[in-house]
């Protein structure tokens, strides 16, 4: 029977999930084998994703007090929130002057492994204005570092860093990178798969986070997998394992969606970008006045809902926010602006996309 990931909508599978028949056992059953035991946790993770999405939409509307309420609900539903979500909530707190909660979230980021020096740059340096709270945070930092060393797996972190460095060295020829394994790119992928399938591996919950300049980076290897599966069809067992990680809160649904789309060679490459940008900086969004486009967006949103991912329209709003606010420190969950396209074909504009002005949003 075909792999459905608990998704039984025939239209979705016909249009978007072009998966071959599985001639071995049903991985659908494998996905749900432990759901009775962990059903409540799955429901909490589903609530978490919804709260985070709605908080980000409130930020777009400049309703920051409401956004913070939603972040608090999200962090109550999931005791291991994604570090980027904590960072966004921290920025919201600073902007509305909720300093007590801002320092609470700062402590959480340090527990994830973020160094105190990160708070001395960009928007977060505002915290230093509150001298007594800041001094307390600095004095407690060693305690939070002890927490990180106690609860986060050093061996898995080291292995993941070694894999990431080796991948970047091999694929992008970054010769300045040290501490690599000088093997083939396929061998690096194989080593990564072994790591992900390790029962001890649980994404950011066990490896924490790190920073690059003024940006928080989750120590997870999914961008490497996305690159790999842009050239290879995904193994169904791997796909199911990744889907489990989404449901457990280890992997963001958008990461799963990207890997899924790449690996299954979904038909129109442009289709999956809600926004396109021309080389002349003209902006195009999906044209919902086209009945076919509207129907396909609806169908694809049904699939997104099944994997706990936000709707297409929400993604458009977030991408437009980033275009209108290029210096904003808010870093929406897994929202990336598309590369500029040198030649947007006329049929794409008339049939699928429409040109917009940012002033209308």
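Some observations on this one:
- Scoring residue 320 on the criteria (1) assigned to a loop (DSSP other than H, G, I, E, B); (2) at pLDDT 90 or above; (3) farther than 20 Å from residue 252 by Cα leaves a single failure, condition (1).
- Extreme residue, modelled with the highest pLDDT, among residues of segment 265-283 that are out of contact with any helix residue (DSSP H, G or I) (no Cβ under 8 Å at 6 or more places or on another chain) and under 17 Å from residue 233 (Cα atoms): 265
- For segment 305-317, the set of residues classified as in a helix (DSSP H, G or I) and in contact with a helix residue (DSSP H, G or I) (Cβ under 7 Å, 6 or more places away or on another chain) consists of 312, 314, 317, listed by residue number.
- So residue 73, is it farther than 17 Å from residue 308 by Cβ, touching a helix residue (DSSP H, G or I) at 6+ places or on another chain (Cβ under 9 Å) and free of Cβ contacts under 8 Å to residues at least 60 places away in the same chain: no
The values are calculated or read from the model by the stated rules, or taken from the named source; none is laboratory data. For clarity, every value in this text was computed on a predicted model and none was experimentally measured. As a convention, Cβ positions derive from the backbone with ideal geometry for all residues, glycine included, and neighbour counts pool all protein chains shown.
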